[in-house]
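> Below is a structure I'd like to ask you about.
The values are calculated or read from the model by the stated rules, or taken from the named source; none is laboratory data. Since we're looking at a predicted model, the values are computed, not measured. Ideal geometry is used to build each Cβ from the backbone, glycine not excepted, and the neighbour counts take in all protein chains shown. Accessible surface areas use protein heavy atoms only, side chains included; no ligands, DNA or RNA. Shrake-Rupley method; radii C 1.70, N 1.55, O 1.52, S 1.80 Å.
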Amino acid sequence: MPTKECLFCEIIEGKIPCTKIFENEKIFAFNDIKPVAKKHVLIIPKKHMENAGDRKHIKILGELMLSTNIIAKKLDIFNSGYRIINNQGKDSGQIVDHIHLHLIGGEPLKEIN
Ligand code: 5GP
Ligand code: ZN
């Protein structure tokens, strides 16, 4: 459990409603409340954990990445393409300190380079 209140833990616990897209024993995925593209899903581990760069999370990080294929197929954007983002820290705009991937697509996305 997190040391302080965590929005995503509350979503997993059902205290805050969401639109679920995918779930298995370790992973939960739901629509972002403020989508930046036509499709915008957040993919999170069910257990609270912070810092996607920490080696101790390597297994679940692999599982999260593998789930993007399944979720993109569910969203019907597997062939059209999509982007996977992990924000880390203040300058990235990260607001929730529970590991999460943003999966966005459903339309052409702005180039990032
Ligand atoms: P971060 O900026 O930390 O990488 O991403 C957090 C994401 O959570 C943001 O894209 C934000 O729109 C989303 N978010 C914030 N509050 C809620 C909420 O109550 N429900 C859902 N579904 N998404 C939320
Ligand atoms: Zn959490």
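> What number comes out for accessible area per residue over the chain if the probe is 1.4 Å? Units Å², please.
66 Å²
> May I pose another question? Among all the aspartates and glutamates, which ones have a C-alpha under 16 Å from LYS47's C-alpha, if same-chain residues fewer than 8 places away are not counted?
Counting by Cα, and skipping residues close in sequence, LYS47 has these aspartates and glutamates nearby: GLU5, GLU10, GLU13, GLU23, GLU25, GLU63, ASP97.
> Under 15 Å from the Cβ of LYS47, count the other residues' Cβ atoms, weight Lys and Arg +1, Asp and Glu -1, and hand me the total.
Residues near LYS47 contribute -4 overall.
> Moving on to the next point. Determine the calculated [θ] at 222 nm for the chain from helices alone, applying -39500 (n - 2.57) to every DSSP H run no shorter than 4 residues and normalising by the residue count; nearest 500 deg cm²/dmol.
Rounded to the nearest 500, the figure is -6000 deg cm²/dmol.
> Mind giving me the FRET efficiency for LYS59 and LYS15? R0 is 22 Å, r the Cβ-Cβ distance, nearest 0.05 is fine.
Using R0 = 22 Å, I get an efficiency of 0.20.
> Please sort 41-49, 60-68, 19-27 by packing, taking for each peptide the average over its residues of neighbouring beta carbons within 10 angstrom, highest first.
In decreasing order of mean packing, 41-49, 60-68, 19-27 become 41-49, 60-68, 19-27.
> In a Debye calculation with equal point scatterers on the alpha-carbon sites of the chain and no solvent, what is log10 I(q)/I(0) at q = 0.14, 0.20 Å⁻¹?
Taking Cα atoms of the chain as identical point scatterers yields -0.55, -1.16.
> Past 30 Å, Cα to Cα, is the threshold; run LYS34/LYS74; LYS4/LYS110; LYS15/LYS110 against it and keep the listed order.
Checking Cα-Cα distances, LYS4/LYS110; LYS15/LYS110 exceed 30 Å.
> Same structure again: Provide the gained length on full extension for the span ILE33 to LYS4, in nm with one decimal, where the gain is 0.36 nm per separating residue minus the Cα-Cα distance.
Here the answer is 8.3 nm.
> In the chain, what percent of the accessible surface is made up of carbon and sulfur (1.4 Å probe, ligands and nucleic acids excluded)?
54 percent
> Provide the percentage of antiparallel DSSP beta bridges, counting only those with both residues in the chain; round to the nearest 5.
About 100 percent, rounded to the nearest 5.
> Separate question: If ASP97, ASP76, ASP91 are ordered by their accessible area, calculated over protein heavy atoms with a 1.4 Å probe, which sequence runs from highest to lowest?
ASP91, ASP76, ASP97
> For helix 58-74, what angle does its Cα long axis make with the longest principal axis of the chain, in degrees from 0 to 90 and rounded to 10?
40 degrees
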